[in-house]
Amino acid sequence: MFDNDKLNKLISLALLNNNINLLFIGVAYKPNVDDIRESPALHILNSFIKIPKYNLYYHDPYVNFIKTSKYKNLNKLKSTKLSKLSLLTSSFKMVSVVFLPTMTSL
C-alpha cells in the first residue's frame, strides 16, 4: 500500500502555503484502466479534501467522475482537462501513488 508517514509529511509541506491548487494526475489503481477500487489515490485525495484551503483537481482520462461509497466527499470531483495552463496555475502538483509507488522522493 502506501506510507501514511510520508503522506503526513507531504501534507505538512503543503500546509506552508495558502490557497493551494492541488492537481492529482491519475486516480485509478493502475494506468490505463477506469477501476478506482483499492486506489491509494482516493485515500490521499480524501485527506486533502478535508482541508478548506485546498482546491482539488484531478486528471485521469479513464476516470471522468469519482463514484465511491468509502470516500463520499470525493463524489463531487470530476476529471479536469490537462493543459499547460492547469499545470502552470497549480501551486502544488502531485502524481498519484499509482505512478510513484514508494514515493521515494520524500
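For the stretch 76-106, residues that are at positive phi and at pLDDT 60 or above total 0.
What about F48, is it buried (at least 17 other Cβ atoms within 10 Å of the Cβ), closer than 22 Å to K6 by Cα and in contact (Cβ under 8 Å) with a residue 40 or more places away in the chain? No, not satisfied. If you go through the stretch 16-75 one residue at a time, how many are modelled with pLDDT of 90 or more, outside any loop (DSSP other than H, G, I, E, B) and aromatic (F, W, Y)? Residues flagged as modelled with pLDDT of 90 or more, outside any loop (DSSP other than H, G, I, E, B) and aromatic (F, W, Y) within the stretch 16-75 amount to 1.
The values are calculated or read from the model by the stated rules, or taken from the named source; none is laboratory data. Being a predicted model, the structure only gives us computed values, none of them experimental. Cβ: placed from backbone, ideal geometry, glycine included. Neighbour counts: every protein chain shown.
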